[in-house]
Amino acid sequence: MSSAISVSSLYKTYSTGFEALKNINLDIRHGEIFALLGPNGAGKTTLISTICGIVNPTSGTILADGHDIIKEYRAARSKIGLVPQELTTDAFETVWNTVSFSRGLFGKPAKPAHIEKILKELSLWDKKDSKLMTLSGGMKRRVMIAKALSHEPEILFLDEPTAGVDVELRRDMWNVVRALRESGVTIILTTHYIEEAQQMADRIGVISHGEIILVEEKAELMRSLGRKQLRLFLQEKRDEVPEALAQYELELSSDGCELIYHYDTQKDRTGITALLKDLDKAGVRFKDIQTRESSLEEIFVNLVRERK
Amino acid sequence: MNLYAIKAIYLFEMHRTWRTIMQSVISPVVSTSLYFVVFGSAIGGRIPEISGVSYGAFIVPGLIMLSLLTQSISNASFGIYFPKFVGTIYELLSAPVSYLEIVIAYVGAAATKSIILGVIILATAALFVPLRIEHPFVMLLFLVLTAVTFSMFGFIIGIWADGFEKLQLVPLMIITPLTFLGGSFYSIDMLPPFWQKVTLFNPVVYLISGFRWSFFGLSDVHIGTSLAMTALFLIACILILRWIFTTGYRLKS
């Protein structure tokens, strides 16, 4: 079975000479939620725009559901829905018209029942006759999603869908995304909110300086890089870590009230028992203990730092 | 052919027309009526007939052409420039539509609008001056051909323009002078011999002359030449558009 999206040896150099994408190879499976993570200017939007036909690739090939996005652009593009990062709408059009327009543009006959369903799911139904310019930013974002879903795409791109979006919309949006995934739609999203990728994605790709650094199952990524933290809340403030505990590479919080120990859950011995014994011997007393898994955010920051 | 897309864009553009009915239809009609009042009735009464046609009637084809050209250009250029300006062009570029379909839809809508306008102005003119149309089919042919050609030209300008200033520049600085100097208000026989030659480099002369021939059977240049020149301009626009779309000029990086 072919991939939903298959990118091979993709390069994009802008006319300014800026190399936005360097040798991108990426396969996105049917029906998965793929999160593309990367700092600003890493090439996330360029990659999405190139796949969707808005930016011309310099070299390399891209297949959407097995169709070359240039030679068979009609077949490829009709499968794809795109929600761009920028809120761009036709200010004077109504919600209903603009969403129906998108459906027509993508070569589908009118189907009011489908448009009605999308608008209701996105809580836009009571705004269907409102002009876009009268809507709030969050509502416009919903309209952009509705437009992308109007032609029943099999592959949906969400470019930073939750940037500047309130909690309610974010929740609605993720409900829609989950429902789409259940109906078999492949979803590719970029986001800054790493906890969202953590909650939603099946696989995660990290992009930095135009290169894909890694692509991994989310669980795998969390496991292989997943470190935990043990925080000890001290009864008395300390100026430094006791000599006797040097081997544990403890970190003292800036206010001197916490000792932090990092350990790897994958190892047979985490060293916690020994640490607690040695703490007792050194006469360090604490009032509370907390352990915490590294977030994807920390993993991501580390990855990008390592590459530099 | 993605007919649904052509229909969607065409209807979207026509909807824009109805929404802006004041500026797109009523204002050209008002300004053309003013020309009739001033040149046709007030001044025209003192100007002798030109080859048996009263001056008021003589300027009708020129005035229709004037509106047809400026409106075709401004409709089509604005139609494609605006999505570029606000960013909604992303949808057009990511949709399964061919360039041909995009051009058919945008140019079709712009041309439709200016043809409607041309007919309205013709009807308005008939209220002021007695009109006769000797070759109605040729008249229609010129109307359609000019509207389509200049809507294409406008579409090209809309793609080329990277600011509102440029969008206004071409119609204002090039088209309006060419139309005024192209024989809208006079027969080129009235010019000194030297300027009669110079004026033949003005493409609008051929449009107005041909269009006037379809009304009164009199023309500055042969009707065949007029048609050929119009067709030539049409072909030039098609070639430029082909180049724009194959290179993605000003549309895609």
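The values are calculated or read from the model by the stated rules, or taken from the named source; none is laboratory data. Computed from a prediction, not measured in an experiment: that's the story for all the values here. Cβ coordinates were reconstructed from backbone atoms using ideal geometry, including for glycine residues, and neighbour counts include every protein chain displayed.
Laid out as a table, the results:
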| item | result |
| --- | --- |
| Any hit, the stretch B:186-198, residues being in contact with a Gly (Cβ under 7 Å, 6 or more places away or on another chain) and either at negative phi or not acidic (Asp, Glu) (or both) | no |
| Among the residues listed as B:ILE102, B:ILE73, B:ILE80, the single one being within 11 Å of chain A (Cβ to nearest Cβ) and modelled with pLDDT of 90 or more | B:ILE102 |
| Cβ pairs under 7 Å, 6+ apart, first in the stretch B:1-25 and away from every other protein chain (no Cβ under 11 Å) and in contact (Cβ under 8 Å) with a residue 40 or more places away in the chain, second buried (at least 22 other Cβ atoms within 10 Å of the Cβ) and among the small types (Gly, Ala, Ser) | B:MET14/B:ALA109 |
| Verdict on A:HIS67 being surrounded by fewer than 20 Cβ atoms within 10 Å (Cβ to Cβ) and either more than 21 Å from the chain's Cα centre (by Cα) or among the charged types (D, E, K, R) (or both) | yes |
| Test: residue in the stretch A:184-194 that is assigned by TED's automatic domain parsing to the domain that holds A:ILE118, at pLDDT 90 or above, closer than 19 Å to A:ILE24 by Cβ and part of a loop (DSSP other than H, G, I, E, B) | no |
| Filter pass, A:LEU221 being buried (at least 19 other Cβ atoms within 10 Å of the Cβ), assigned to a strand (DSSP E or B) and either modelled with pLDDT under 85 or in the same structural domain as A:PHE34 (by TED's automatic domain parsing) (or both) | no |
| Checklist (1) small (Gly, Ala, Ser); (2) surrounded by fewer than 14 Cβ atoms within 10 Å (Cβ to Cβ); (3) in contact (Cβ under 8 Å) with a residue 24 or more places away in the chain applied to B:GLY163, failing item | (3) |
| Filter result (surrounded by fewer than 21 Cβ atoms within 10 Å (Cβ to Cβ) and more than 8 Å from chain B (Cβ to nearest Cβ)) within the stretch A:84-97 | A:GLN85, A:LEU87, A:THR94, A:TRP96 |
| Scope the stretch A:110-134; condition assigned to a loop (DSSP other than H, G, I, E, B) and over 27 Å from the mean Cα position of the chain (by Cα); matching residues | A:ALA110, A:LYS111, A:LYS128, A:ASP129, A:SER130 |
| Any chance B:ILE89 is more than 14 Å from the chain's Cα centre (by Cα) and either away from chain A (no Cβ under 14 Å) or polar (S, T, N, Q) (or both) | no |
| Condition check for A:ILE145: in a strand (DSSP E or B), of a type in the set (A, V, I, L, M) and in contact (Cβ under 8 Å) with a residue 40 or more places away in the chain | no |
| Contacts under 6 angstrom Cβ, first residue in the stretch B:76-96 being farther than 19 Å from B:PHE153 by Cα, partner of a type in the set (D, E, K, R), 6 or more apart | B:GLY87/A:GLU86; B:THR88/A:ASP90; B:PRO96/A:ARG74; B:PRO96/A:ARG77 |
| Helices (runs of 4 or more DSSP H) contained entirely in the stretch A:11-109, each with at least 3 residues that are of a type in the set (A, V, I, L, M, F, W, C) | A:44-52, A:95-105 |
| The stretch A:1-27 residues that are free of Cβ contacts under 8 Å to residues at least 24 places away in the same chain and of a type in the set (S, T, N, Q), paired with ones that are part of a loop (DSSP other than H, G, I, E, B) and surrounded by 13 or more Cβ atoms within 10 Å (Cβ to Cβ) (beta carbon under 9 Å, 6 or more apart) | A:SER15/B:SER253 |
| Count of the stretch A:215-254 residues which are among the basic types (Lys, Arg), within 30 Å of A:ARG203 (Cβ to Cβ) and out of contact with any strand residue (DSSP E or B) (no Cβ under 8 Å at 6 or more places or on another chain) | 1 |
| Scan of the stretch A:25-62 for residues that are surrounded by fewer than 21 Cβ atoms within 10 Å (Cβ to Cβ), more than 15 Å from A:ILE204 (Cα to Cα) and polar (S, T, N, Q), ordered by number | A:ASN40, A:ASN56, A:THR58, A:SER59, A:THR61 |
| Sole exception among (1) of a type outside the set (Asp, Glu); (2) touching a residue at least 24 places away in the same chain (Cβ under 8 Å); (3) over 27 Å from B:SER253 (Cβ atoms) for A:PRO57, by number | (3) |
| In the stretch B:95-120, the residues that are under 22 Å from B:PHE36 (Cα atoms), among the hydrophobic types (A, V, I, L, M, F, W, C) and under 13 Å from the mean Cα position of the chain (by Cα) | B:ILE115, B:ILE116, B:LEU117, B:VAL119 |
| Residues of the stretch A:52-78 satisfying the condition of being out of contact with any Leu (no Cβ under 7 Å at 6 or more places or on another chain) and at the interface with another protein chain (Cβ under 9 Å from one of its Cβ atoms) | A:VAL55, A:ASN56, A:TYR73, A:ARG74, A:ALA75, A:ALA76, A:ARG77, A:SER78 |
| Only listed residue being hydroxyl-bearing (Ser, Thr, Tyr) and over 24 Å from B:THR225 (Cα atoms), chosen from B:THR149, B:THR112 | B:THR112 |
| Residue within the stretch B:26-44 that is modelled with pLDDT under 80, within 29 Å of B:ILE89 (Cβ to Cβ), in a helix (DSSP H, G or I) and not small (Gly, Ala, Ser) present | no |
| Some residue of the stretch A:98-107 being surrounded by fewer than 19 Cβ atoms within 10 Å (Cβ to Cβ) and either within 9 Å of chain B (Cβ to nearest Cβ) or at pLDDT 95 or above (or both) | no |
